[in-house]
Amino acid sequence: MTNELPRIGLGIDVHRLEPGRPFILGGVRFDCEVGPVGHSDGDVVLHAACDAVLGAAGLDDLGTLFSDRDPENAGRDSAEFCVQAMKLVAQSNLKVWSLDVVVETEHPKLKPRRDEMRARLADLFGVAVDRVNIKGKTGEKVDAIGRGDACRATVVALLGP
Ligand code: MG
């Protein structure tokens, strides 16, 4: 594979929210009455970020690499998915150049912890913190996200040699 030119990837992930689940976003645990339901820890930011970098590298997606039917992945820390995804990206002679993240959720408020999330993403994906951007949005009372029943992350990743 020739990698002289940058490669772009897109990842999107949604999880339903229910009371009594830990709410982890971008590897940062928030204090919240609800949290994502998922086979792993349900971290939509890390799941979408993994799919974005895997997509840019032309590799299998997260669900193919880590099946939600595999008991090994039950309750799993999604940071481990990132480590595995980045191993495959490195084998393709690619690096992450930048990540741009949008999180849509009614709760929790991301702003107080946004810098922590940026630092964690920078660390997990081997990119400078000033090349990671995170935007938090609400669902404006529209659909499941607006009602507070779900959260969604969308990530664009730029990769290059
Ligand atoms: Mg997911």
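When only the Cβ of Lys, Arg, Asp and Glu is charged (+1, +1, -1, -1), the dipole of the chain relative to its Cα centre reaches about 440 debye. In straight-distance terms, cross-link reach from Lys141 covers every one of the aspartates and glutamates whose alpha-carbon lies under 19 Å from its own, apart from those fewer than eight places away in the same chain; here that gives Glu18, Glu33, Glu104, Glu106, Asp149. Taking the longest Cα principal axis of the chain as reference, the axis of helix 114-125 is set at about 40 degrees.
Relative contact order of the range 7-160: 34 percent, from C-alpha pairs under 8 Å at least 6 residues apart in sequence.
Rounded to the nearest 10 degrees, the angle from helix 44-56 to the longest Cα principal axis of the chain is 20 degrees. Excluding the site residues themselves, the longest part of the chain lacking any GluC sites (Glu not before Pro) in a DSSP loop with at most 16 other Cβ atoms within 10 Å is 34-139. In terms of surrounding Cβ atoms within a 10 Å radius of their Cβ, Cys151, Cys32, Cys50, Cys82 rank from fewest to most as Cys32, Cys82, Cys151, Cys50.
The base-10 log of I(q)/I(0) for the chain, evaluated at q = 0.10, 0.11, 0.17 Å⁻¹, reads -0.33, -0.40, -0.94 [Debye formula, identical scatterers on Cα atoms, solvent excluded]. Can you give me the Cα centroid spacing of the range 82-161 and the range 34-72 in angstrom? The range 82-161 and the range 34-72 have Cα centres spaced 13 Å from each other. Mean residue ellipticity, 222 nm, helices only, the chain: the sum of -39500 (n - 2.57) across DSSP H runs of n ≥ 4, divided by residue count and rounded to 500, is -8500 deg cm²/dmol. Please list, by residue number, every one of the trypsin sites (Lys or Arg not before Pro) in the range 1-79 that is coil in DSSP and has at most 13 other beta-carbon atoms within 10 Å. Here the trypsin sites (Lys or Arg not before Pro) that fit, given the DSSP loop and packing criteria, are Arg69.
The residue list Pro71, Ser40, Cys82 was ranked by how far each Cα lies along the charge dipole of the chain toward its positive end, using unit charges on Cβ atoms, and Cys82 comes out on top. The residues packed around Gly42, meaning those with a beta-carbon under 13 Å from its beta-carbon, carry a net charge of -1 if Lys and Arg are +1 and Asp and Glu are -1. Helix 78-91 against the longest principal axis of the chain: what's the angle in degrees, Cα atoms only, rounded to the nearest 10? With rounding to tens, the tilt is 10 degrees.
Only the coordinates and a few stated rules stand behind these numbers; no lab work does. Just so we're clear, the structure is a prediction, and the values are computed from it rather than from any experiment. Ideal geometry is used to build each Cβ from the backbone, glycine not excepted, and the neighbour counts take in all protein chains shown.
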